[in-house]
């Protein structure tokens with residue numbers, strides 16, 4: 001299952017997003033993909049949350065695809081096959097190996 005929604009904030013505050021995304025114990029990651037970088041079809045053993053910070057990312061899954069923009073939050077249920085490709089400006093996003101409610 002894939003859920004994509006937009007953060008309802010006028011400005012993206014990366015510090016606030018990072019702090020809100022941290023689990024009680026653990027980490028989040030900031031990923032930067034150069035234009036054209038593709039993460040081909042794959043799946044994870046845990047839920048995953050991706051928060052777009054800058055650039056554009058074509059995100060695809062068995063049920064479709066969508067271009068994601070800054071402020072978009074992608075939640076991926078464990079075991080769901082998916083992939084992504086950074087578009088012409090590349091993409092920077094926060095990546096958490098758990099479900100984040102933003």
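In this structure, is residue 87 within 12 Å of the chain's Cα centre (by Cα) and either surrounded by fewer than 14 Cβ atoms within 10 Å (Cβ to Cβ) or modelled with pLDDT of 95 or more (or both)?
no
With the requirement that a residue be free of Cβ contacts under 8 Å to residues at least 40 places away in the same chain and buried (at least 18 other Cβ atoms within 10 Å of the Cβ), what does the stretch 28-58 give you?
Within the stretch 28-58, the subset free of Cβ contacts under 8 Å to residues at least 40 places away in the same chain is 43, 45, 54-58.
Within the stretch 28-58, 55, 56, 57 qualify.
Got at least one residue in the stretch 59-74 being within 21 Å of residue 18 (Cα to Cα), over 12 Å from the mean Cα position of the chain (by Cα) and free of Cβ contacts under 8 Å to residues at least 60 places away in the same chain?
No; the residues of the stretch 59-74 include none that is within 21 Å of residue 18 (Cα to Cα), over 12 Å from the mean Cα position of the chain (by Cα) and free of Cβ contacts under 8 Å to residues at least 60 places away in the same chain.
The values are calculated or read from the model by the stated rules, or taken from the named source; none is laboratory data. Please read these numbers as outputs of a predicted model, since none were measured by experiment. All Cβ positions, even for glycine, are placed from backbone atoms using ideal geometry, and neighbour counts span all protein chains on display.
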